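S.K.: Mind having a look at this structure? Questions to follow.
The values are calculated or read from the model by the stated rules, or taken from the named source; none is laboratory data. Every value quoted in this text rests on a predicted model; they were computed, and no experiment measured them. Using ideal geometry, Cβ is built from the backbone for each residue, glycine included, and neighbour counts are taken over all protein chains shown. For accessibility, only protein heavy atoms count, side chains too; no ligands or nucleic acids. Shrake-Rupley method; radii C 1.70, N 1.55, O 1.52, S 1.80 Å.
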Amino acid sequence: MRMCSIASGSSGNCVYVGSDTTHLLVDTGISRRKIEEGLKTLALSVQDLDGILITHEHSDHISGLGVLIRRREIPIYATRGTIQKMREMESLRHIPADLFQEVREEEHFTIKDVMVAPMQISHDAAQPAAYRFRHDKKWVGIITDLGVYNEYTVECMRGMDVILLEANHDVRMLESGPYPYYLKRRILGERGHLSNELSGRFLSRILHDQLKAVILGHLSKENNLAELAYETVRLEITMADNEFKGNDFPIMVAKRDEVSGVVEI
């Protein structure tokens, strides 16, 4: 099983997850050309895709979906609320209704030889979800766009072999930055985005000896820096009340406009 971030940030998100025989995308918030270029680095094409999983309907997660589907009809998996919002959008009305496959949080399903486990998250969208994937007893988790985590979130993400987790903003950069007050409150709220500090604290709750890699994603262009996210998360892990330190696990930062390294387990 392998995972690769094709793009990750406030301007667009797309992640590849797959096995030798099953190839999936999580979100399509970048152009078709960039998606095709990203797949090409994995020796894949759009024709190889078996499904697209959408976390929620915000543009940085679906802006490339309509054009991609014009090239090839691919099943689209999302919650009922997300599907309803997408079908109201002019740019997506050409998509055949039978391509939309409704998923329910807590109900696992399979796409060929990959099991998908959706979960609830807290974000200001209709019915947002995160996804976990299992193949050959290995787990990959992708969770971004959550303003807050709780015991449910922690339990859902325990036991992952690889996790891509949001580290959206540095609180001080956001508070002193140019965003209007209402937008700052939204980002900092319980239905907003996870800060670097909260990302590190969340990771501290789910670390285990078999964890192979941590990828920090969905960084804000205006309110974060890759180096700052990396160091803050490492420090939070080291300071946490557990047996692990920030250097005990490979921690990478997903690139905004480039394909990141492929993680294989």
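S.K.: Calculate for the chain the 222 nm mean residue ellipticity that helices alone would give, adding -39,500 (n - 2.57) per DSSP H run of length 4 or more and normalising by residue count, nearest 500 deg cm²/dmol.
M.R.: Computed ellipticity for the chain at 222 nm equals -7500 deg cm²/dmol.
S.K.: Net charge near GLU258, counting Lys/Arg +1 and Asp/Glu -1 over other residues with Cβ under 11 Å of its Cβ? Before the final figure, lay out the partial values.
M.R.: Values: positive: LYS34, LYS255, ARG256; negative: GLU37, ASP257.
Summing Lys/Arg as +1 and Asp/Glu as -1 gives +1.
S.K.: Over what distance in Å are the Cα centres of segment 15-45 and segment 191-265 separated?
M.R.: Computed from Cα coordinates, the inter-centre distance equals 23 Å.
S.K.: Of the accessible area of the chain, with the probe set at 1.4 angstrom, what percent is carbon plus sulfur? Present the calculation step by step, with values, prior to reporting the outcome.
M.R.: Values: 5480 of 11630 Å².
Within the chain, the accessible surface is 47 percent carbon and sulfur.
S.K.: Can you give the translational diffusion coefficient of segment 1-130 in µm²/s, computed by Stokes-Einstein from the Kirkwood radius over Cα pairs at 10 °C and 1.306 mPa s? List each step's numbers first, then the result.
M.R.: Working: Rh = 14.6 Å.
Answer, rounded: 109 µm²/s.
S.K.: Would you work out the charge dipole size for segment 56-193 about its Cα centre, treating the Cβ of every Lys and Arg as +1 and the Cβ of every Asp and Glu as -1, and quote it to the nearest 20 debye?
M.R.: Details: 19 positive and 21 negative charges, 58 e Å.
In total the dipole reaches around 280 debye.
S.K.: Mean Kyte-Doolittle of at least -0.5 plus a Cα span of 15 Å or more along the axis: flag which DSSP H helices in the chain meet both, please.
M.R.: Working: long enough: 196-206 (16 Å, -0.28); 226-239 (20 Å, 0.29).
For the chain, where a helix must reach 15 Å along its axis and average at least -0.5, the hits are 196-206, 226-239.
S.K.: Could you state the number of Å between the C-alpha centres of segment 52-104 and segment 128-165?
M.R.: 22
S.K.: Could you work out the local net charge near VAL116, counting Lys and Arg as +1, Asp and Glu as -1, over the other residues with Cβ closer than 10 Å to its Cβ? Please list the in-between numbers first.
M.R.: Working: positive: ARG132, ARG134; negative: GLU107.
The answer is +1.
S.K.: Putting +1 on Lys and Arg Cβ atoms and -1 on Asp and Glu Cβ atoms, find which of TYR149, TRP139, LEU165 reaches farthest to the positive end of the dipole of segment 105-193.
M.R.: Going by the charge dipole, the pick is LEU165.
S.K.: Any idea what the alpha-carbon Rg over 2.2 N^0.38 Å comes to for segment 99-244?
M.R.: On the way: Rg = 15.8 Å, N = 146, 2.2 N^0.38 = 14.6 Å.
After normalising by residue count via 2.2 N^0.38 Å, the value is 1.08.
S.K.: Considering Cα pairs under 8 angstrom that are at least six residues apart, work out the relative contact order of the chain and quote it in whole percent.
M.R.: Averaging sequence separation for qualifying contacts and normalising by length gives 20 percent for the chain.
S.K.: Treating the Cα atoms of the chain as identical point scatterers in vacuum, please give the log10 of the normalised Debye intensity I(q)/I(0) at q = 0.08, 0.10 Å⁻¹, two decimals.
M.R.: -0.28, -0.45
S.K.: Here's a follow-up. Hand me the trypsin sites (Lys or Arg not before Pro) from segment 137-166 located in a DSSP loop with no more than 13 other Cβ atoms within 10 Å, in residue order please.
M.R.: Values: sites: LYS137, LYS138, ARG158; in loops: LYS137, ARG158.
Answer in residue order: LYS137, ARG158.
S.K.: With +1 on the Cβ of every Lys and Arg and -1 on the Cβ of every Asp and Glu, and nothing else charged, how large is the dipole of the chain about its Cα centre, in debye rounded to the nearest 20? Please list the in-between numbers first.
M.R.: Numbers: 32 positive and 39 negative charges, 109 e Å.
Using only the charged Cβ atoms, the result is roughly 520 debye.
S.K.: While we're on this one: Tell me the per residue accessible area of the chain using a 1.4 Å probe; a whole number in Å² is fine. Kindly include the intermediate steps, with their values, before the conclusion.
M.R.: Numbers: 11630 Å² over 265 residues.
Per-residue value: 44 Å².
S.K.: If you take the Cα Rg of segment 96-184 and divide it by 2.2 N^0.38 Å, with N the number of residues, what do you get? Before the final figure, lay out the partial values.
M.R.: Working: Rg = 16.1 Å, N = 89, 2.2 N^0.38 = 12.1 Å.
Against the compact-globule rule of thumb, the ratio is 1.33.
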